[in-house]
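Each remark here refers to the structure printed beneath this line.
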Amino acid sequence: MAEALTDIFKKEGEGVKPRRIVVLDTAASKTGALSVLRDFYARICRLSKEKTDNNEWFFITGVMGLIEEPEDNPRIRVVLREDVKRSRFKRLLFDHFTGKKYLAGFKPDVIFSLQNTLPSGAERLGETVIYLHQPLGFQKIKRFSFFNRWERELAVYQHLIASEIDRSLKRADRIIVQTKWMKAAVMEKDGIPEKKVDIIPPQLPELGDLCKPITPVSPTFIFPAGAILYKNHQCIADALKILSEKGIRDLKVIFTEKREDLPWVTVPDECKDLIEWRGMLGREELTGLYRSSVLLFPSYIETYGLPLAEARSLGTPILAADTPFAREILSGYDRAGFFPPFEPDRLASLMEDLIVNSVFQ
């Protein structure tokens, strides 16, 4: 992915002058957004060191220590703006009032936003490129409520920040998305011409032969996902209740979060012993579980859904919510089953088939 991203800034041919490129990402601090920033930055540093990239780069971040400025390369600078990250008000102030003037100080030829939006007026400073990875304003499966305490933060993104994203996309020269469904959604919602939207899927991590395949003692299911409401852990808990009531209890489900991090998930007493709250897993352990388990993926909102692609690459059986992104990633994969994300009885039925009939064997 980092390679494909850097390729869009290449200008080849004799007489092509180096450009000043500002990479704006004050929002990144963890998970996928941070991985994109670090991978892209590492690629730029490597190309610059190999003298195959002569552009001048300014990376503006909001958290100290996310990326380290190289000591021996004056063409790459890391600039810290902790104040923009400090609060939503500070971010709005930067996006609507102070951002343009601040960015103008770099005299940019290109502004590359990795945080879904552009400051007002940034399009008048040079070419603008947005990497879009926030799907809440483009999905149609769920409308979140400001009156539900677990949904409130998501409602802010869906109903308020999504409007900022829409305005930014309409002003950008180029937009990068991860999937075909996101490209179609952007074109439909914001009237963006097809030629302005590029699809660059995330790059799979090196899975390789990190560990030997394991034969589980009993059926094992894994759901590698963070503590976000739309990841839909509740669907799995409800499916386990249905299975337990039918006497099907020879199984376990592994969550990659701690119990206290998902307070909105209700787990019936009779199912508590069927769930292992492992917390964050290392890459080697996760790969081993992909090879010895069934991937459950009830999440109904994603730009891409990286675990789906990871598990597919290893031949893991997958039960996924029937969504545009899952259908796209798993197209042509014959070890996948789909269920409506808000119908745990359908998930329970698929799990039962796996346990009782071994349909994927």
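Considered as a group, the residues in the stretch 10-29 that are part of a loop (DSSP other than H, G, I, E, B), surrounded by 10 or more Cβ atoms within 10 Å (Cβ to Cβ) and modelled with pLDDT of 75 or more include one that is farthest from the chain's Cα centre (by Cα), and that residue is Pro18.
The conditions of being of a type in the set (A, V, I, L, M) and farther than 22 Å from Thr31 by Cβ are not met by Val253.
Being under 14 Å from Leu24 (Cα atoms) and either acidic (Asp, Glu) or in contact (Cβ under 8 Å) with a residue 40 or more places away in the chain (or both) is a property that does not hold for Glu164.
Restricting the stretch 244-265 to residues that are among the hydrophobic types (A, V, I, L, M, F, W, C) and either assigned to a strand (DSSP E or B) or over 31 Å from the mean Cα position of the chain (by Cα) (or both) leaves a set whose member that is farthest from Glu285 (Cα to Cα) is Ile248.
Determine whether the stretch 96-107 contains at least one residue that is touching a residue at least 60 places away in the same chain (Cβ under 8 Å) and assigned to a helix (DSSP H, G or I). Yes, the conditions are met somewhere in the stretch 96-107.
Condition check ((1) modelled with pLDDT under 95; (2) out of contact with any strand residue (DSSP E or B) (no Cβ under 7 Å at 6 or more places or on another chain); (3) not in a helix (DSSP H, G or I)) across all residues:
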residue	(1), (2), (3)
Ala239	no, yes, no
Val267	no, no, yes
Glu284	yes, yes, no
Ala311	yes, no, no
Gly315	yes, yes, yes
Glu328	no, yes, no
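Mind listing just one residue for me: the one in the stretch 309-355 that is among the β-branched types (Val, Ile, Thr) and under 20 Å from Cys235 (Cα atoms) and, of those, surrounded by the fewest Cβ atoms within 10 Å (Cβ to Cβ)?
Pass one, the stretch 309-355, residues among the β-branched types (Val, Ile, Thr): 316, 318, 323, 329, 355.
Checking the rest, the ones that are also under 20 Å from Cys235 (Cα atoms) come to 318, 323, 355.
Details: Ile318: 23, Thr323: 22, Ile355: 18.
Across the stretch 309-355, the extreme among qualifying residues is Ile355.
Among the residues of the stretch 237-256, the ones that are more than 12 Å from Val356 (Cα to Cα) and in contact with a helix residue (DSSP H, G or I) (Cβ under 7 Å, 6 or more places away or on another chain) come to 11 in all. Restricting attention to the stretch 226-237 and to residues that are part of a helix (DSSP H, G or I) and of a type in the set (A, V, I, L, M), the residue that is farthest from Leu296 (Cα to Cα) turns out to be Leu229.
The values are calculated or read from the model by the stated rules, or taken from the named source; none is laboratory data. Since this is a predicted model, take the numbers as computed values, not measurements. We place every Cβ from the backbone using ideal geometry, glycine too, and count neighbours over all the protein chains shown.
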